[in-house]
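Participant: Here it is: the structure, laid out below.
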Amino acid sequence: MSELKPFFSVVMPLYNKANYVKETIKTVLNQTFQDFEIVVIDDSSTDDSAKVVELIQDDRIRLVYQENAGVSAARNKGIQESRAEYIAFLDADDLWLPEFLQTIYELIQKYPDAGLYATSYKKRKANGKESNINIQALPSNEYIGLIPNYFKSIVEGDLLVWTSATCIPKKIFKENDIWFPVGEKYGEDQYMWARVAIQFDLAYDTKTCAIYQIEAENNTAGGVDQLKEPRSFIIDLKDDKNAKKDKMLNFWLNIYIQKEIRRVIRRNIKNGNKVLALVQLSRYQLRFIYYLEIMLKLIIPSFAANIATKYKNN
């Protein structure tokens, strides 16, 4: 590794993950590709997270402290503190398989002009049960290349890009003023990948190289299910002035945004907030099939609405 400039900077936000961070860092140190630094941003943890990191003996690890400001601020600070030209992200409770960085490195060599590099990942529950993600709208199940249409993939399948299986060139942030949205608690990473996808090609390898631990302590993935309003930063994606002039990409971007709205309205109906759901239905312009589905859920019993939804899907 170059003393001043490693190939990768691994940015790791840290907040109260004392029970996980040692194992997470170990999966970085065990990578087959070793030219990296690890920039850990401690977001004022109240447990022993920072002490755990300090006890790990490796000169490539840097621990940086910041006043508590949230995960987006921590990632942004990590990007600014990084010395490498390529920033790989890893949450302090997720894990890399040994070939993650090597796989990303090979993607960079094949697609040097891409704005994002990622691999597939699997989900692991607290009981140890693992599942692969549902990948859609790629040319094949075993694919290495540019994603044809990122938004079509995530509308039809699972999230194709996950924080802990992603790498972005540092220049993408600095030259395009693209940063993680500070103050947002849920979905801030999805916004980031969408912003990049709107402007740049994304390189992808369907090889599973990371593990997302979905029930780790302080994991906020389920918090989005409590939101009563669509996330504004997702809605605002439609007004990105730097979007590529790609009709199909923008078509599926619009569908992606509508799915966000539809999901929130359906949740409000389920939770008994029907007045709010009606207000939202009148506020946003949705596809007719989404509008019809929501109206059925509002005016007929839930069991009948479920039948109608199954019929629509078929």
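Participant: Take the residues of region 167-196 that are under 21 Å from ILE38 (Cα atoms) and of a type in the set (Phe, Trp, Tyr): which is nearest to the chain's Cα centre (by Cα)?
Facilitator: Applying the filter and picking the extreme gives PHE180.
Participant: I want to confirm something. Restricting to region 139-153 and keeping residues that are part of a loop (DSSP other than H, G, I, E, B) and in contact with a strand residue (DSSP E or B) (Cβ under 9 Å, 6 or more places away or on another chain), which single residue is surrounded by the most Cβ atoms within 10 Å (Cβ to Cβ)?
Facilitator: This residue is ILE147.
Participant: Could you grab me the full set of residues in region 244-263 that are modelled with pLDDT of 95 or more and farther than 17 Å from LYS152 by Cβ?
Facilitator: ILE261
Participant: Output the residue which, of all residues in region 235-266 that are in contact with a helix residue (DSSP H, G or I) (Cβ under 7 Å, 6 or more places away or on another chain) and among the basic types (Lys, Arg), is farthest from PRO181 (Cα to Cα).
Facilitator: ARG266
Participant: For region 83-96, what are the residues that are aliphatic (A, V, I, L, M) and either in a helix (DSSP H, G or I) or within 17 Å of the chain's Cα centre (by Cα) (or both)?
Facilitator: ILE87, ALA88, LEU90, ALA92, LEU95
Participant: Also: Any chance region 32-55 includes a residue that's basic (Lys, Arg), modelled with pLDDT of 95 or more and touching an Asp or Glu at 6+ places or on another chain (Cβ under 7 Å)?
Facilitator: Looking through region 32-55, none of the residues is basic (Lys, Arg), modelled with pLDDT of 95 or more and touching an Asp or Glu at 6+ places or on another chain (Cβ under 7 Å).
Participant: Here is a further query. Does ALA18 satisfy the condition of being at pLDDT 95 or above, crowded, with 19+ Cβ neighbours inside 10 Å and either in a strand (DSSP E or B) or small (Gly, Ala, Ser) (or both)?
Facilitator: Considered against the rule, which asks whether it is at pLDDT 95 or above, crowded, with 19+ Cβ neighbours inside 10 Å and either in a strand (DSSP E or B) or small (Gly, Ala, Ser) (or both), ALA18 comes out as no.
Participant: Looking at (1) assigned to a helix (DSSP H, G or I); (2) touching a residue at least 24 places away in the same chain (Cβ under 8 Å), which is the only condition GLN80 fails?
Facilitator: Tallying (1) assigned to a helix (DSSP H, G or I); (2) touching a residue at least 24 places away in the same chain (Cβ under 8 Å), GLN80 fails exactly one: (2).
Participant: Taking the condition modelled with pLDDT of 95 or more, part of a strand (DSSP E or B) and over 22 Å from GLN285 (Cα atoms), does ILE172 pass?
Facilitator: no
Participant: On to the next question. Of all residues in region 26-65, how many are touching a residue at least 60 places away in the same chain (Cβ under 8 Å) and under 20 Å from the mean Cα position of the chain (by Cα)?
Facilitator: Looking only at that region, the number is 2.
So that you can scan it fast, the table gives a plain yes or no per residue for (1) among the small types (Gly, Ala, Ser); (2) assigned by TED's automatic domain parsing to the domain that holds GLU85; (3) surrounded by 22 or more Cβ atoms within 10 Å (Cβ to Cβ):
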| site | (1), (2), (3) |
| --- | --- |
| GLU130 | no, yes, no |
| ALA137 | yes, yes, no |
| VAL155 | no, yes, no |
| LYS174 | no, yes, no |
| VAL182 | no, yes, no |
| ASP189 | no, yes, yes |
| TRP193 | no, yes, yes |
| ALA203 | yes, yes, yes |
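The values are calculated or read from the model by the stated rules, or taken from the named source; none is laboratory data. The model shown is predicted, which means the values in this text are computed figures rather than measured ones. For neighbour counting, all protein chains shown are included, and Cβ atoms are generated from backbone atoms with ideal geometry for every residue, glycine included.
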